[in-house]
Amino acid sequence: RSGALADESSPCAMSLLRGAVGLARPSLLRPDGARFASLKSLKSRVTSVKSIQKITKAMKMVAASKLRGAQTRMEASRPFAYASPAEVKAVLEGPAAEEGAPAFAGKTFYVPISSDKGLCGGVNSSVVKAVKAMVQQVPEGSTQEFFIVGMKAREALSREFKEKVVASVDEIYTKPFTFAQASVLADEILKHDFDKLCLVYNKFTSVVKFEVTPITLGTPAVLSESDDLAVFEVDEDEGSTMYADLFEFELASRLYNCVLENSTSENASRMTAMDNASTNANDMINKLNIKYNRQRQAVITTELNEIISGAESL
Amino acid sequence: GLVMSTKARPRERRATVMFRNVLMRAARGLRSEAAAETDAFANKLKFNFSIPTATLYDKSPVQMVILPGSSGVFGVLKDHVPTIAALKPGVVAVQEVEGDSELKQFFVSGGFAYVKPDSSLDIQAVEAVPLDELDVDEVKKGLASYTNAAASASDDVEKAEAEIGLEVYQAMAAALNVA
């Protein structure tokens, strides 16, 4: 109906009528009115997408600069966190799970590490998914408790596992994360009993590659009870307290490294996500502009037709 | 290996012979480099010293390290027996070259030290600063304030915190030879 072209030679009855009505009651010219309205709405959509694009570009810049700082601190923390001898690490982490071995039936204490802010791609949801999968796989009779770091994981896990969440930590990312804060976290974790401890975080490999990695540790007593550490000479009087302290120290230094790695992964993921969002916004703006121009030309054409046919009818 | 056509012209044959000599010289150089690396640790201790924010020594060959273990100061040379030791606040002194009388000294607040079965020494310290970066006046002030805090602490937690601070400042004062 909108494109009904009047035949140039003979005035169409329809256009005559429309011309007459148009003079009297412009509001009844619904097709034209609708077209102008959609022109305006297209224009406002373009401006809103443009402003969103500005925001996503800015967020990408911020994430990129934060990534640089976070990556430096993370790389500096790696030698510190993993300085202990391989034998100590092996005892801490326990023997690797063999295929077909009976599943672990005790109390597992999960520490999922996530960010506070969103718009960071899949880092938080992948940690939450991994934790949920691990919880599904455990046999009957085993229990779990969660000590959640970061608001995003807390929001996701408290819905399903509200009774299992013993504590959650927010706003650790407002200032650069220090070893002292990691020690406080370790202290809080060790106030709870558990048979196995599982830290779940995003390990940073490169700007485009970070994977959810679970680190499993045994109980605080595992070091003093193990025979595999007999090769090391330790001070007789200090033996048992030293191993307990060592477990705490290892936990704190690993937590320190895990939070830094997760923070770096979060910034890298946010940078990529915002970059994709800016590109999508750009595509949207282009498509909308084309639509707008087409619509504008259609409006002009229709207007011209009506004027011409109206003029001809006079 | 080198593929040489049997009908190579004299100039080309010379080139391939020269190339082979270059390769052999390079291989000898690489072999001696590898030997030199193990040589670097033949009489020296492999030393790693890290804090949460930095690595002070990374696989460095040093002569000897003296550490403040929790039950006493001890020294580590090459081929020390494997050990795990907790560290108390004190000075880590590093002798880099044999016969050096100048030791590099760092004040550490605590941590752990490991001598691994492969005879390398790893120190993980919570904080470590070169001794000459400690401010004598600040140490005196801190010592005084923690002495007061320890004396006037009301409950066990406060007393424990004050005693920890006191121990660290006393160690710093001792390291700086300050009263």
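The values are calculated or read from the model by the stated rules, or taken from the named source; none is laboratory data. All values reported here derive from a predicted model rather than from experimental measurement. Because the Cβ atoms are built from the backbone with ideal geometry, glycine has one as well, and the counts that use them run over all protein chains shown. We work out accessible area using only protein heavy atoms, side chains counted, and drop any ligands, DNA or RNA first. Shrake-Rupley method; radii C 1.70, N 1.55, O 1.52, S 1.80 Å.
Using the heavy atoms of the protein chains alone and a 1.4 angstrom probe, what is the accessible area of the range A:157-314 per residue in square angstrom? Don't jump to the answer; show the numbers that get you there.
On the way: 8070 Å² over 158 residues.
Computed with neighbouring chains in place, this is 51 Å² per residue.
Pull out a ≥ b ≥ c, the square roots of the eigenvalues of the alpha-carbon gyration tensor of the range A:168-225, then state rounded if a/c is under 1.5, prolate if not and a/b is larger than b/c, and oblate in the remaining case.
Oblate.
If I ignore ligands, DNA and RNA and count only protein heavy atoms, how much of B:Asp122 is accessible to a 1.4 Å probe, in Å² to the nearest 10?
Probe radius 1.4 Å; accessible area of B:Asp122 about 10 Å².
Quick check: net charge around B:Glu133, other residues with Cβ under 14 Å of its Cβ, Lys/Arg +1 and Asp/Glu -1?
Values: positive: B:Lys104; negative: B:Glu127, B:Asp132, B:Asp135, B:Asp137, B:Glu138.
For residues surrounding B:Glu133, the net value is -4.
Given the whole protein assembly as supplied and a 1.4 Å probe, what does the accessible area of A:Ser65 come to in Å², nearest 10?
My reading of the accessible area for A:Ser65 is about 60 Å².
Under 17 Å Cα to Cα from B:Lys78, which aspartates and glutamates show up? Leave out anything in the same chain fewer than 8 places away.
Answer for B:Lys78, where 17 Å is the Cα cut-off: A:Glu233, B:Glu37, B:Asp39, B:Asp58, B:Glu96, B:Glu98, B:Asp100, B:Asp118, B:Asp122, listed by chain and number.
For the interface of chains B and A, what total accessible area is buried with a 1.4 Å probe, rounded to the nearest 100 Å²?
Numbers: alone 11750 and 18090 Å², together 27930 Å².
Interface between B and A: roughly 1900 Å².
State the percent of C-alpha pairs, over all pairs in the range B:80-179, separated by a distance greater than 15 angstrom. The partial results should precede the final answer.
Values: 3374 of 4950 pairs.
For the range B:80-179, the share of Cα pairs beyond 15 Å comes to 68 percent.
Between the range A:272-314 and the range A:178-254, what's the alpha-carbon centroid distance in Å?
Using only Cα atoms to place each centre, the spacing works out to 63 Å.
With a 1.4 Å probe and all protein chains in place, put A:Glu303, A:Glu233 in order of accessible area, largest first. Don't skip to the end; give the middle numbers.
Details: A:Glu303 70, A:Glu233 100 Å².
So the residues, ranked largest to smallest area, are A:Glu233, A:Glu303.
Please list the equivalent ellipsoid semi-axes of the range B:74-135, computed as the square roots of five times the alpha-carbon gyration tensor eigenvalues, in descending order and whole angstrom.
Working: eigenvalues 84, 55, 11 Å².
Semi-axes from the Cα gyration tensor: 21, 17, 7 Å.
Over its Cα atoms, what ratio of radius of gyration to 2.2 N^0.38 Å does the range A:239-297 give?
2.44
Report the full-extension gain for the segment B:Glu163 to B:Glu138: residue separation times 0.36 nm, less the Cα-Cα distance, to one decimal in nm.
On the way: separation 25, 0.36 × 25 = 9.00 nm, distance 1.77 nm.
Gain on stretching B:Glu163 to B:Glu138: 7.2 nm.
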